[in-house]
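Beneath this line is the structure, given in structure tokens, with notes to follow.
The values are calculated or read from the model by the stated rules, or taken from the named source; none is laboratory data. Model, not experiment: these values are computed from the prediction. Cβ atoms come from the backbone with ideal geometry, glycine included; neighbour counts cover every protein chain shown.
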Amino acid sequence: MLFDAQCRYGPKDRVRIDRTFEAVEANAPIKSWQKVVLSDTNSDYREAAALRGRQIKEALRVLYDQHLVNIEPDRSRPGRRDLSRITLLSEASTPVNRPRYTVPTAGVYISRHFFTSLWVFALTNTEIATFLALSARRAIFPTAHSDSGVYVVQRHRGQFGLKDNTWRSARELHAFGLVDRVHDAHRDTETGRISDLGARWKNHEVMPTHFTIIDDAMVQPALPAIDRVLNNPTPEDEMRS
């Protein structure tokens with residue numbers, strides 16, 4: 001529900017849950033909960049749809065008991081709840097105070113296309129970790145990200161639990177077009193080594209590599225994009241590499 005809300009609503013918007021519980025027509029713009037919730041439905045004695053429905057109902061009851069959702073009474077069946085009339089509540093809700101959920105304005109922004117275009121499944125764990133580290137730096141320094149890019153030096157990488165070999169995944173993110181890497185004529189793009197390091201260090205000319213996240217690039221489906229870069233790169237892909 002939180003993922004759904006943050007994909008379809010902006011910061012501070014009050015979220016309206018407009019998914020039905022039961023399956024609706026195939027071409028409906030908003031799919032039912034049974035269509036969007038994945039669960040293990042292997043069973044020898046129960047149809048998959050029925051088992052999934054029962055699992056979702058049980059989950060909704062738990063959320064209701066923990067004051068994370070409000071489920072309206074079923075007008076046609078006294079004593080029961082209408083699972084098609086759900087309101088997502090704030091995490092701070094209590095039995096007495098039940099404010100509705102609004103999309104937060106703070107935190108680390110990640111494009112919804114990172115998920116809906118399946119980048120989250122196509123990238124490796126190290127590439128995802130590197131992307132999240134860059135996203136966190138952008139959240140802290142948004143102006144610097146827009147002007148010259150952000151960087152993650154060694155002491156910052158330790159905060160994210162990233163080792164140097166993990167951090168090198170930024171090269172793949174650059175190759176896939178998810179980030180832009182500011183060019184440094186004195187730095188080897190493969191090894192990261194800096195030419196004339198001694199003299200340039202004394203002159204305070206050595207800077208970490210700066211990156212800019214390209215949110216629009218995530219609109220394209222991940223698997224075809226990665227397959228193209230690795231197996232049939234375009235001239236633009238080769239230039240990036």
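Any residue that is at pLDDT below 70 and either over 19 Å from the mean Cα position of the chain (by Cα) or surrounded by 15 or more Cβ atoms within 10 Å (Cβ to Cβ) (or both) - is there at least one of those in segment 164-184? For segment 164-184, residues at pLDDT below 70 and either over 19 Å from the mean Cα position of the chain (by Cα) or surrounded by 15 or more Cβ atoms within 10 Å (Cβ to Cβ) (or both): present. Taking residues in segment 97-120 that are outside the structural domain of residue 132 (by TED's automatic domain parsing) and free of Cβ contacts under 8 Å to residues at least 24 places away in the same chain, and partners anywhere that are surrounded by 13 or more Cβ atoms within 10 Å (Cβ to Cβ) and assigned to a loop (DSSP other than H, G, I, E, B), the pairs with Cβ atoms closer than 6 Å and at least 6 places apart or on different chains are 99/90.
Considering segment 121-149 alone, what residues qualify as being modelled with pLDDT of 90 or more and either not assigned by TED's automatic domain parsing to the domain that holds residue 174 or not in a helix (DSSP H, G or I) (or both)? Across segment 121-149, the qualifying residues are 123, 124, 141.
Number of residues in segment 77-121 that are of a type in the set (Val, Ile, Thr), surrounded by 16 or more Cβ atoms within 10 Å (Cβ to Cβ) and under 24 Å from residue 135 (Cα atoms) equals 3.
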